[in-house]
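Data block below; observations after.
The values are calculated or read from the model by the stated rules, or taken from the named source; none is laboratory data. Because the structure is a prediction, the values reported are computed rather than measured. As a convention, Cβ positions derive from the backbone with ideal geometry for all residues, glycine included, and neighbour counts pool all protein chains shown. These area figures cover heavy atoms from the full protein model, side chains too; ligands, DNA and RNA do not enter into them. Shrake-Rupley method; radii C 1.70, N 1.55, O 1.52, S 1.80 Å.
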Amino acid sequence: CVLDLRLPEERQLLVEALVHAADLSAQTLPPELATKWGERVIQEFRAQAEREAAEGLPPSFMSGLDCPLKAAKTQLGFTSYVLRPLWTAMADIFPQLGELLENLKANEERYRQEVDDLMRGGESPDIKPGTLKQPGSLPASPLRSLLVEKAKTEDDESSGRKRTRSFSTSNKTVMRLQSST
């Protein structure tokens, strides 16, 4: 199956995939930059977990990310199961993105090594907050110029608060892109 860009729905699929890939491009940067982006995301997740706990909400996957092992496993899982399939499909369609896919693979391996090192070191899940380095300023993402407004605010009917819902490309879209190459 090949994308037929004469069809509006096929063009829309490609645009959605490009926007999604641009949004998730931080781990395609060289390791020193990808690490800073990854630390920033973990910091954001920790802050959200704290807010959720303060509101009495049940713990989510974001809870416990003060533990370096859990943070590294989270990053490894994200790069392996979300980013790798998406960026493999994108590099198949756009071979000039191959360098970014190679960076992603290197970052995935770095997270795998970090998990292995922490496991061998007897990492305790009781590590105190603040053990992850605080990120500095971050450069622009390599595909950031492709981003369109991706988040919209909607009313949370249960509490009257606003919440942000992020644009997301489904697994179906990634599989469709993979089968189109």
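Structure notes:
- Exactly one residue out of Lys70, Lys152, Lys105 is among the basic types (Lys, Arg) and at pLDDT below 85, and it is Lys152.
- The number of residues in the range 56-104 that are within 14 Å of Leu29 (Cα to Cα) and either touching a Phe, Trp or Tyr at 6+ places or on another chain (Cβ under 9 Å) or polar (S, T, N, Q) (or both) comes to 6.
- Residue check for Asn103: touching a Gly at 6+ places or on another chain (Cβ under 9 Å) and in contact (Cβ under 8 Å) with a residue 60 or more places away in the chain: no
- Among the residues making up the range 99-122, those that are open to solvent by 60 Å² or more (accessible area, probe 1.4 Å) and assigned to a helix (DSSP H, G or I) are Glu99, Glu102, Lys105, Glu109, Arg110, Arg112, Gln113, Glu114, Asp116, Asp117, Met119, Arg120.
- Annotation for the range 83-91: no member residue is of a type outside the set (S, T, N, Q), over 17 Å from Asp23 (Cβ atoms), modelled with pLDDT of 90 or more and open to solvent by 60 Å² or more (accessible area, probe 1.4 Å).
- Hits in the range 54-64 (condition: surrounded by 14 or more Cβ atoms within 10 Å (Cβ to Cβ) and without any contact (Cβ under 8 Å) to a residue 60 or more places away in the chain): Met62, Ser63
- Scanning the range 4-45 for residues that are open to solvent by less than 30 Å² (accessible area, probe 1.4 Å), within 16 Å of Leu86 (Cβ to Cβ) and out of contact with any Pro (no Cβ under 7 Å at 6 or more places or on another chain) yields Leu13, Leu14, Ala17, Val19, His20, Ala21, Ala22, Ala26, Gln27, Ala34.
- Checklist (1) touching a residue at least 60 places away in the same chain (Cβ under 8 Å); (2) part of a helix (DSSP H, G or I); (3) not aliphatic (A, V, I, L, M) applied to Gln96, failing item: (1)
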